[in-house]
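Where a number appears in this text, it was derived from the coordinates with a stated rule and is not lab data. On a predicted model such as this, the values are computed, not experimentally measured, just so you know. Ideal geometry is used to build each Cβ from the backbone, glycine not excepted, and the neighbour counts take in all protein chains shown.
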Amino acid sequence: MKTALQQVFHSRKFVTGFAIFMAILLTVFLYPLIIQDEPLAILGQGNFFPPGIYVNIYDSIHSKSYVLNLKDAASKRIGKILTDQSRQDIKEWLVSYGVPEDQIDINDTESLLSQWEENYDSSISLPGMTFAKQRYFQRLDESVNGLLSSEGVVISEVNQETGNLDQTNTIDQSEYVHINEVANVRILPLGTDNFGRDVLTELVKATGVSLKIGLIAGVVATLIGLTLGLLSGYVGGLVDDIIMFVTNLFTVIPSFVLLILISFSIGQDNRGATTIAVVIGLTSWVWTARAVRSQVISLRNRDHVNLSKLSGHSTAHIILNDILPYIASYVVMALILQVSSAILSEASLSILGLGPRTTEVPTLGLMMNWAMIYQAHILGKWWAYFPVIVVIALITFSMNLMNTGLDQVFNPTLRD
Amino acid sequence: MAEEKKPCLCGSGLTKIYGTGVQKNVAVDHVDFDCCQNEVISIVGESGSGKTTLAKMLLGLTKPTEGEIYFQGKKRDISNMKKKKEYWKRIQAIFQDPYSSFNTFNKIDAVLLDCIAMRNGKKYTRAKKIEIMEEACCFVNLEFDELTNKYPFELSGGQMQRLMIARVFILKPEILIADEPTSMIDACSRATILEMLMKLRKEIGMTIIFITHDIGLAYYISDTVFIMERGKIVESGPAEQVILHPKEEYTRRLISDVPKIHEEWDLSSVKYG
Ligand SMILES: Nc1ncnc2c1ncn2[C@@H]1O[C@H](COP(=O)(O)OP(=O)(O)OP(=O)(O)O)[C@@H](O)[C@H]1O
Ligand SMILES: [Mg+2]
């Protein structure tokens, strides 16, 4: 046993898979210790904030300021708002307003903006311009307004007694704050989702829950399938007939239909993640049982089994020592398939609204579901669904690697 | 073999049918079979004639579809695990294919230790066990030091069969069923294996039921020969009688396949088809 374990950890494939899997597990366990947010707390007002660092404006204003005279600050500021696209749009507007095209130089920021300021009037509606386009130009006008000025911004506060605005501070264009001195900076590495929840925190929690669902369901299914398969394959006779009858019953009824029916009859209130996992496990053992049975049948007449019988071993000993090791990698493979298919089953159930209660915990399936319903994929909000796919892929990939590694240990003849 | 003959393993009307309906396959068909203590019996037949199936029934590894087996005059009773274990202390086997005879997950020691445990319970100390294993390996010309901590698949076919003989050496059964123990290995190792079997027989005085498709080999080693054709025993009797004066066409054909039958047998130059 000990040496087998050593051999397992000498297999590079297994170690790689194990490392990835452990990294995922560690993240799931350690992350909540560092970021202690509620995984389902709604942080953002609005949906799909892009990934990045969010700096509190109010705190920035009140932080100590440092003056830095940087040469390209102004051009950067202008460039951020006056992109090539918006320069083109301005030109388009001016041309259709009546400014001769050859007088407009979109690379000359100063003249372009002065032409714009001279001519643009938000009340003018040009022929053939949609309302949306009109609104767009209004917004553009607001954003370029005062872009060239080198004046600072005045900060005022309402005087509670008089009701007047008192000027408390001016902020120059060359003033900076140190990000560490700003009280509230929040990093959202994966942005927020459709509800305004932090995707990363949610994802970590969902990974944990989905893994739990997958493992529970996989273990339940594999245990049932393995036991029934071993019994029916090795013992044969009447036992085999009975078990195969039950197995055939379960094969004829699609397990997913069964899953839907059971989930439905349990009712929304009782559908915790664990319940769902057990239900998935109870409906998906059939193929494991069949595969194990056929393997055992081909094994039970082998000479090494006969030799073990001749050495006086009991049936239990033979099943555990002469049959089980030969199908162990098979069973692990089945377990891996069961785990990943359980994760997917959970997702499918969630899409039908029959998954775990949505108010309690996120799962990978639920996250995909939410992203899909809110059209993250159409809107290009990749951070709401892509990381979820990556996590699902990583889990299956790592488990498959482990399986291949185990295969080489369990089937020593595969080794070279 | 003039001593009084004690019957030790008999079968009457042994039949084994695999499958049902169209796929029905009568592997062994109403075979009457008996062998006496201290004899070497050969069962000869071409491939697929049901030799292995018969052997497995005699060993109690498969249930006969029909027929009875008598062990030392009494009806064989292996209805429960304990009785089976008792039975297998007295009858052992060497299988046809050494490469599939061992559990590849267990080390070689385990194979031999199982035999020691079966023979003597768990009374022995570790040192005594090693002594027994060393003795057994020595008997079959294997180095125990090299074998220990190795896996069976790391051995050659011939070494595996010798390990099987070492098993039998430890167990010292009354009957040994050797199912073509030499069919999977080269001519040279064959001679060694046969020699060892005969040596073992002399040493512990057991009955050998030798299964082979090679009638020449049967003539060389056995007292009694049974000729099997498609599940039936077509001819039987003392080796000389059956082989030198065959009555059946089938037997004659088997004999004609072995060109050197009337000459002095020289193991080192045996050629097998
Ligand atoms: N487990 C089994 N299930 C079904 N049929 C079997 C089984 N074992 C053997 N048979 C059939 O029984 C017949 C006899 O097989 P058996 O193995 O006894 O032959 P054999 O004489 O030992 O041949 P060989 O010399 O090749 O070992 C064959 O036709 C074989 O197909
Ligand atoms: Mg055979």
Self-check item: Ranked list, fewest to most other Cβ atoms within 10 Å of each Cβ, for A:His377, B:His245
Solution: B:His245, A:His377
Practice problem: Give me the net charge of A:Ile260's neighbourhood, meaning all other residues with Cβ under 15 Å from the Cβ of A:Ile260; Lys, Arg count +1, Asp, Glu -1. | Solution: 0
Practice problem: List, in the order given, every pair from B:Lys63/B:Lys129; A:Lys76/A:Lys205; B:Lys51/B:Lys85; B:Lys74/B:Lys107; B:Lys83/B:Lys128; B:Lys89/B:Lys202 whose Cα-Cα distance in the structure shown is over 30 Å. | Solution: B:Lys63/B:Lys129; A:Lys76/A:Lys205; B:Lys74/B:Lys107
Quiz prompt | Residue range of chain A that is longest and free of GluC sites (Glu not before Pro) which are both DSSP loop and sparsely packed (at most 14 other C-beta within 10 Å) | solution = A:162-359
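Give the Kirkwood hydrodynamic radius (Å, one decimal) of the range A:278-369, defined as one over the mean of 1/r across all pairs of different Cα atoms.
15.7
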Exercise. Can you figure out the FRET efficiency of A:Ile57 with A:Ser111, using R₀ = 35 Å and their beta-carbon distance, to the nearest 0.05?
Key: 0.60
Quiz item: Taking the Cα atoms of chain B, what is the range of coordinates along each of the three principal axes, in descending order and whole Å?
Solution: 56, 46, 45
Exercise. Please report the relative contact order for chain A, taking Cα pairs under 8 Å with a sequence separation of at least 6, and give it as a percent rounded to a whole number.
Key: 26
Quiz prompt | Among A:Val28, A:Val339, A:Val257: highest mean-square fluctuation, GNM of chain A, C-alpha pairs under 10 Å | solution = A:Val257
Self-check item: Other protein chain Cβ atoms within 10 Å, averaged over every residue that makes up B:181-193
Solution: 0
Quiz prompt | Percent RCO, i.e. relative contact order, over chain B, from Cα pairs under 8 Å lying at least 6 residues apart | solution = 25
Quiz item: Under a plain spin-label model, where a point goes 7 Å from the Cα along Cα-to-Cβ, how far apart in nm are A:His377 and A:Ala316?
Solution: 5.1
Quiz item: So what is the calculated 222 nm ellipticity per residue for chain B, using -39500 (n - 2.57) for each DSSP H run with n of 4 or more, over all residues, to the nearest 500 deg cm²/dmol?
Solution: -11500 deg cm²/dmol
Quiz item: Hey, with R₀ at 25 Å, roughly what FRET efficiency would B:Asp77 and A:Asn301 work out to, going by the Cβ-Cβ distance, to 0.05?
Solution: 0.60
Quiz item: What full-extension length gain, to one decimal in nm, is calculated for B:Lys128 and B:Lys5 as 0.36 nm per residue of separation minus the Cα-Cα distance?
Solution: 40.6 nm
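When every alpha-carbon pair in the range A:83-144 is counted, what percent end up more than 17 Å apart?
Cα-Cα pairs of the range A:83-144 separated by over 17 Å account for 31 percent.
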Exercise. Quick one: grab the alpha carbon gyration tensor of the range B:18-138, order the square roots of its eigenvalues as a ≥ b ≥ c, and give me rounded if a/c is under 1.5, else prolate or oblate depending on whether a/b is larger than b/c.
Key: prolate
Quiz item: Under a plain spin-label model, where a point goes 7 Å from the Cα along Cα-to-Cβ, how far apart in nm are A:Asp72 and A:Ser96?
Solution: 3.5
Quiz item: Taking the Cα-to-Cβ direction at A:Ala19 and at A:Asn400 and moving 7 Å from each Cα, how far apart do the two end points lie in nm?
Solution: 1.9
Quiz item: Over the C-alpha atoms of the range A:27-144, what are the Rg and the largest Cα-to-Cα span, Dmax, in Å?
Solution: 21.3, 65
Exercise. Count the net charge of all other residues whose Cβ sits under 9 Å from the Cβ of A:Ile318, scoring Lys and Arg as +1 and Asp and Glu as -1.
Key: +1
Practice problem: Per residue of B:110-117, count partner chain C-beta atoms within 10 Å of its C-beta, then hand back the mean as an integer. | Solution: 2
Exercise. Could you please report the charge total around A:Gln134, scoring K, R as +1 and D, E as -1 over all other residues with beta-carbon less than 14 angstrom from its beta-carbon?
Key: -2
Practice problem: Within a 10 angstrom radius of each residue's Cβ in A:314-326, how many Cβ atoms of other chains show up on average? Whole number is fine. | Solution: 2
Quiz item: Pulled fully out, how much extra length does the chain show between B:Tyr220 and B:Lys199, if you take 0.36 nm times their separation in residues and subtract their Cα-Cα distance?
Solution: 6.1 nm
Self-check item: Considering only the range B:63-211, percent of DSSP beta bridges that pair antiparallel, nearest 5
Solution: 20
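If chain A were replaced by its equivalent ellipsoid, with semi-axes equal to the square roots of 5 times the Cα gyration tensor eigenvalues, what would those be, largest first, whole Å?
65, 24, 22
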Exercise. Specify whether the C-alpha gyration tensor of the range A:140-192 places it in the rounded, prolate or oblate class, a ≥ b ≥ c being the square roots of the eigenvalues: rounded for a/c under 1.5, otherwise prolate if a/b is larger than b/c and oblate if not.
Key: oblate
Exercise. Could you calculate the contour length gain from A:Ile389 to A:Asp121, that is, 0.36 nm times the residue separation minus the distance between their Cα atoms, to one decimal place in nm?
Key: 91.7 nm
Practice problem: Would you calculate a helix-derived [θ] at 222 nm for chain A, using -39,500 (n - 2.57) for each DSSP H run of n ≥ 4 and dividing by the full residue count, to the nearest 500? | Solution: -19500 deg cm²/dmol
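Tell me the relative contact order for the range B:1-118 as a rounded percent, counting alpha carbon contacts under 8 Å between residues six or more apart.
Values: 136 pairs, mean separation 30.0, N = 118.
Rounded, it is 25 percent for the range B:1-118.
Tell me, B:Val168, B:Val44, A:Val15 in order of fewest to most beta-carbon neighbours within 10 Å? Provide the component values of the computation, followed by the final result.
Details: B:Val168 25, B:Val44 28, A:Val15 15.
Fewest to most other Cβ atoms nearby, the residues stand as A:Val15, B:Val168, B:Val44.
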Quiz item: Any idea what Rg and Dmax come out to for the range A:166-261 if you just take the C-alpha atoms, in Å?
Solution: 29.0, 95
Practice problem: Under a 10 Å cutoff between Cα atoms, tell me which one of B:Ile255, B:Ile215, B:Ile227 has the largest fluctuation in the Gaussian network model of chain B. | Solution: B:Ile255
Practice problem: With a 10 Å radius around each residue's Cβ, average the other Cβ atoms per peptide and rank A:5-12, A:283-290, B:120-127, highest first. | Solution: A:283-290, A:5-12, B:120-127
Quiz item: Hey, in the GNM for chain B with a 10 angstrom Cα cutoff, which one of B:Glu180, B:Glu235, B:Glu143 fluctuates hardest?
Solution: B:Glu143
